[in-house]
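Accompanying notes for the structure given below.
The values are calculated or read from the model by the stated rules, or taken from the named source; none is laboratory data. The structure displayed is predicted, hence computed values, not measured ones. Here the Cβ is made from the backbone with ideal geometry for all residues, glycine too, and neighbour counts use every protein chain on show. For accessibility, only protein heavy atoms count, side chains too; no ligands or nucleic acids. Shrake-Rupley method; radii C 1.70, N 1.55, O 1.52, S 1.80 Å.
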Amino acid sequence: MKQLLSIILLLFTGHSLLANSYTCYTQAGKLQTHVGTRAGAITQLRVSGTLDARDFAYISDSLFQLVEIDLEGCSIAAFESRDTYLGNQSRFEANRLPANVFAGFQNLTTVKLPRQTQAIGEAAFAGCTALTTVEWGDRLQTIGDLAFAGCTALVTPLPATLKTIGEYGFSQCAYTHLDLEETALQSIGAQAFSNCTRLTEANLPATLQTLGNRGFAGCTALTTITLPGSLRQLGEGSFAYCTSMTHAEIADCQLDTLPPYLFDHCTALTAIQVPRTVTHLGEGAFYYCTALTDCTLPERVQTIGDYTFAGCSRMIRLDFLPEGLEQIGRWPFYGMRQLYSAELPSTVAYIGDHAFDGCTRLAVIRSHPTLPPSLGEAVFQEVPQANCLLGVPDESIELYRGTPQWQEFEIRLLSNKEELTADNRLNVHFEQGNLIVQSEAPMRHIALYTPDGQLIYRETGETTECTIDTRSHAGQIFILSVQMVSGEYRHLKVGRNR
């Protein structure tokens, strides 16, 4: 009896397996006839022959339990009808997988496309959260908008024949590495790889000409990127919130404008070299790149947009603005709380609203224009102007002294270099009431005084960093005296952050 029960169970199991897997040969428009009443049970489907839009409409409507589908032995025929099929279309091209056909197939893990497939339609596999593997065929060139958006398990490498990826094409996919160097890829659409949070490396091909808006935005694990010299169009926010990116090689791109918010909140980026063809830095291009300390701009740059370097809080020297720069926008250097010195080229004619707002450590500005640049509103808000040296051309000192906002600085002659030498070896700033003194070279004696000469702190002994608690003193201004091991003295006025 027990043996008989085992045989019966085996028979039922075998029948179930046969029902789940189905293979057939079909002609265009006949797949439903072959599948018939099996539709609800099929999880593995293998089809050879010819399919058209009618067959894909049937698959989309009736075979949503599929786990695997093998269409490698099929061809896709053109189809045109007065009736509407997938996506309310009535005309379908040959060798093109229709739009939306597998959208939302939650169980689908493996797909083999027809070998001759040239294009995948819009949202064809959108939301297939279990999809891991796709065999692309031999001729695939185009992946449509949203084609694999939300395929959060997809890791299959992309084919060498690929030329175009549409908007949101692979948004939120599971790629950790994208090796596209050997592909024929020319265009990557807006948000094509956005929020691929596991992606650590992307190698782009020499054929790439266009990268759309926010193409890799939100790829929080991406560490490096190199853009090829062939690139002609780079979209807004292409690498926004790539918070692990430490290196970006973009110098070879042929761009007139650095796009807005290109590296927005790339908080690990430390250095950048802007392409030599760029004449304008877009709004917020380096917005809150809080680790950025080194920037190289080309001689062609004429304008800096609003918020370009706002929030770059570790920048100590603003000495990279090129001769030829004419206009600086609003809030471009806002919140550079470590900024100690700034150099303004002789060609600057206008500086926008709140340009240096929040630069509370700014101690030296060298302004080379003979005519004081026109200023927007509150350009130097929160800058301790009375204690900040402004160097100006000798023949222009009276012009600066008579111009609103400029006249509030402690003005000196540019020819007096000793008075205007910024001590870049010292990094001095406040953190929650503590004065932090850091030096590249060792210090021997450190002393801090109030403006009326009261000694607050003294330390002797070789060191490169010192923390001084000033919380018991209500004043905003202090005098710091440091003797270096070399014997040189450094005397600085320091203002508490507001």
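A few comments on the model shown:
- Scan of the range 190-211 for residues that are part of a loop (DSSP other than H, G, I, E, B), within 16 Å of F170 (Cα to Cα) and open to solvent by 10 Å² or more (accessible area, probe 1.4 Å), ordered by number: A190, Q191, N195, T197, R198, T200, L204
- Flag not set for D319, criterion: under 21 Å from the mean Cα position of the chain (by Cα), of a type in the set (D, E) and under 21 Å from T277 (Cα atoms).
Here's the yes/no breakdown for (1) touching a strand residue (DSSP E or B) at 6+ places or on another chain (Cβ under 6 Å); (2) open to solvent by less than 20 Å² (accessible area, probe 1.4 Å); (3) modelled with pLDDT of 95 or more:
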residue	(1), (2), (3)
M1	no, no, no
L4	no, no, no
G14	no, no, no
R54	no, no, no
F64	no, no, no
E68	yes, no, yes
A77	yes, no, yes
E80	yes, no, no
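- A count restricted to the range 353-375 and to residues that are open to solvent by 10 Å² or more (accessible area, probe 1.4 Å), closer than 18 Å to F320 by Cα and of a type in the set (A, V, I, L, M, F, W, C) stands at 1.
- Condition met for D264 (surrounded by 17 or more Cβ atoms within 10 Å (Cβ to Cβ) and out of contact with any Cys (no Cβ under 9 Å at 6 or more places or on another chain)): no
- Qualifying positions in the range 352-368 - in contact with a strand residue (DSSP E or B) (Cβ under 7 Å, 6 or more places away or on another chain) and over 30 Å from Q438 (Cα atoms): G352
- The range 57-100, residues that are within 38 Å of the chain's Cα centre (by Cα) and among the aromatic types (F, W, Y): F64, F92
- Test: residue in the range 42-60 that is among the β-branched types (V, I, T), within 16 Å of N100 (Cα to Cα) and in contact (Cβ under 8 Å) with a residue 12 or more places away in the chain: yes
- Any hit, the range 417-437, residues being exposed (fewer than 12 other Cβ atoms within 10 Å of the Cβ), under 18 Å from R317 (Cβ atoms) and among the basic types (K, R): yes
- Residue check for L178: outside any loop (DSSP other than H, G, I, E, B) and open to solvent by less than 10 Å² (accessible area, probe 1.4 Å): yes
- Per-region count, the range 320-352, residues open to solvent by 20 Å² or more (accessible area, probe 1.4 Å), closer than 27 Å to I477 by Cβ and assigned to a loop (DSSP other than H, G, I, E, B): 4
- Looking at L390, L448, L435, L371, just one residue is in a strand (DSSP E or B) and within 23 Å of G329 (Cβ to Cβ), and that residue is L390.
- Qualifying residue in the range 84-94 (condition: out of contact with any strand residue (DSSP E or B) (no Cβ under 7 Å at 6 or more places or on another chain), part of a helix (DSSP H, G or I) and open to solvent by less than 40 Å² (accessible area, probe 1.4 Å)): yes
- V111, sole failed condition from (1) over 19 Å from T23 (Cβ atoms); (2) buried (at least 19 other Cβ atoms within 10 Å of the Cβ): (1)
- Selection within the range 448-465 - among the acidic types (D, E) and surrounded by 13 or more Cβ atoms within 10 Å (Cβ to Cβ): E459
Residue-by-condition table, conditions (1) under 15 Å from G121 (Cβ atoms); (2) at pLDDT below 85; (3) out of contact with any Gly (no Cβ under 8 Å at 6 or more places or on another chain):
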residue	(1), (2), (3)
T26	no, no, no
H34	no, no, yes
N88	yes, yes, yes
R96	yes, no, no
V101	yes, no, no
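- Filter result (among the polar types (S, T, N, Q) and over 14 Å from N427 (Cβ atoms)) within the range 463-496: T470, S472, Q476, S481, Q483, S486
- Only a single item in (1) of a type outside the set (S, T, N, Q); (2) in a loop (DSSP other than H, G, I, E, B); (3) surrounded by fewer than 21 Cβ atoms within 10 Å (Cβ to Cβ) is not met by F380, and it is number (3).
- Some residue of the range 266-282 being in contact (Cβ under 8 Å) with a residue 40 or more places away in the chain and of a type outside the set (A, V, I, L, M, F, W, C): yes
- Any hit, the range 466-487, residues being assigned to a strand (DSSP E or B) and open to solvent by 90 Å² or more (accessible area, probe 1.4 Å): no
- When each of S396, S415 is tested for being modelled with pLDDT of 80 or more, closer than 21 Å to S367 by Cβ and part of a loop (DSSP other than H, G, I, E, B), the lone residue that passes is S415.
- Test: L292 is surrounded by fewer than 24 Cβ atoms within 10 Å (Cβ to Cβ) and free of Cβ contacts under 8 Å to residues at least 60 places away in the same chain: yes
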